[in-house]
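The block underneath contains the structure these notes are about, expressed in structure tokens.
The values are calculated or read from the model by the stated rules, or taken from the named source; none is laboratory data. Quick caveat, the model's predicted, so the values are computed rather than measured. Here the Cβ is made from the backbone with ideal geometry for all residues, glycine too, and neighbour counts use every protein chain on show. What goes into the accessible areas is simple: the full protein's heavy atoms, side chains included, and nothing from ligands, DNA or RNA. Shrake-Rupley method; radii C 1.70, N 1.55, O 1.52, S 1.80 Å.
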Amino acid sequence: MRNRLKKIGCYIIIIVLLPYIVTVFMNGPAVPAGTAVKETSVKVKKDDTELEMPLDEYCIGRMAKEIPADYEEEVLKAQAVLVRTSVYKSIKEGGTQVLLEDDFWTEEEMRQQWGGSRYSGYYRKLEDAWKETEGQVVMYGENLANTPFTRLTNGNSRDGGEVLGSGDYPYLKIKDCPLDIEAPEQIQTVTVDDMDAEVTAMDTAGYVTSVRVGQETVNGEEFRQTYGLASSCFILQKYDGRLRITTRGVGHGLGLSQYTANEMAKEGKDVSEILQYFFEGTEIREVAEIVTNSRDTE
């Protein structure tokens with residue numbers, strides 16, 4: 001009887017400890033609390049100041065500034081992959097000490113923009129999107145793709161060759177974004193002091209590429225930045241002694257439309273389907289896989 005009780009006791013102990021034993025066997029013992037773990041750091045520019053900060057913190061800060069945090073989970077994942085691709089492309093081209101100049105929000109800025117009541121939930125959404133796509137980047141062949149994005153197109157995204165000029169961008173083609181036309185921000189109007197100005201050239205998607213201002217000619221993006229326009233798709237009209245500028249879309253119009261991507265996510269499209277639509281012919285790859293393959297071919 002005593003031996004039987006001992007056996008029963010042993011079985012109970014094994015059953016209780018089994019999950020822990022399996023975890024240790026598969027992953028090794030847990031790292032003791034307080035053990036320092038080296039994080040990947042990057043050099044960034046913030047308000048004319050150079051800083052060094054963890055890569056994850058910087059990229060989540062970029063996502064916070066670049067896309068509405070209340071967007072769908074799959075489009076936030078897509079944005080995470082685009083940001084990671086952009087950062088790794090910069091590092092590959094400029095080296096590990098390259099200064100990353102794309103703006104980002106600090107946690108304090110996130111609190112200010114979102115409010116304290118929404119901060120935790122929004123930050124968690126972005127952090128989850130970043131972690132769930134860990135290591136994923138967009139590749140075209142064996143190269144990191146150029147992955148621009150815009151908040152809202154005029155109904156079509158732009159052709160990469162027309163916008164960027166030099167380089168080979170077969171994956172940046174005009175894509176229909178009809179849902180963008182329905183967005184509340186689609187059409188906006190700004191009125192400025194009258195001037196002698198006219199649009200002199202547009203690209204295939206209807207975005208302005210050249211504007212004559214007096215005796216000078218500037219490109220559409222430069223004109224947009226000068227007058228704080230929502231988009232480089234615009235028309236100029238004389239109105240009541242002033243110049244009225246009506247824009248369509250929000251942003252430069254190239255690459256992924258965040259608005260359409262969010263609508264696609266609502267319809268059940270996942271991150272790979274969203275990225276494949278806007279960057280046709282590319283594929284999502286793992287950074288670790290790319291590094292391994294590169295070493296194998298050396």
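In table form, for the structure just shown:
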item: Some residue of segment 234-241 being modelled with pLDDT under 95, in a strand (DSSP E or B) and of a type in the set (D, E, K, R); result: yes
item: Pair list, Cβ under 6 Å, 6 or more apart: segment 81-101 residue of a type in the set (D, E, K, R), other residue surrounded by 17 or more Cβ atoms within 10 Å (Cβ to Cβ); result: Arg84/Val137; Lys89/Leu144
item: Condition check for Lys269: surrounded by 15 or more Cβ atoms within 10 Å (Cβ to Cβ) and of a type in the set (Lys, Arg); result: yes
item: Selection status of Thr204, more than 22 Å from the chain's Cα centre (by Cα) and not in a strand (DSSP E or B); result: yes
item: Any hit, segment 40-47, residues being polar (S, T, N, Q), out of contact with any helix residue (DSSP H, G or I) (no Cβ under 8 Å at 6 or more places or on another chain), modelled with pLDDT under 95 and open to solvent by 10 Å² or more (accessible area, probe 1.4 Å); result: no
item: Residue check, Gln276 assigned to a helix (DSSP H, G or I), more than 19 Å from Asn156 (Cβ to Cβ), open to solvent by 70 Å² or more (accessible area, probe 1.4 Å) and not acidic (Asp, Glu); result: no
item: Test: residue in segment 73-83 that is open to solvent by less than 100 Å² (accessible area, probe 1.4 Å), out of contact with any Leu (no Cβ under 7 Å at 6 or more places or on another chain), modelled with pLDDT of 95 or more and among the basic types (Lys, Arg); result: yes
item: Qualifying position, being on the phi < 0 side of the Ramachandran plot, without any contact (Cβ under 8 Å) to a residue 24 or more places away in the chain and open to solvent by 40 Å² or more (accessible area, probe 1.4 Å), among Glu52, Glu132; result: Glu52
item: Scope segment 170-201; condition outside any loop (DSSP other than H, G, I, E, B), open to solvent by 50 Å² or more (accessible area, probe 1.4 Å) and not aliphatic (A, V, I, L, M); matching residues; result: Asp176, Pro178, Glu182, Gln188, Thr189, Thr191, Asp193, Glu198, Thr200
item: Long-range neighbours under 6 Å by Cβ, at least six apart or interchain, first residue among the basic types (Lys, Arg) within segment 143-154, second open to solvent by 20 Å² or more (accessible area, probe 1.4 Å); result: Arg151/Val250
item: Options Glu142, Glu162; residue that is among the acidic types (Asp, Glu), out of contact with any strand residue (DSSP E or B) (no Cβ under 7 Å at 6 or more places or on another chain) and surrounded by 14 or more Cβ atoms within 10 Å (Cβ to Cβ); result: Glu162
item: Residues (touching an Asp or Glu at 6+ places or on another chain (Cβ under 6 Å) and within 26 Å of Ser157 (Cβ to Cβ)) located in segment 206-244; result: Thr209, Ser232
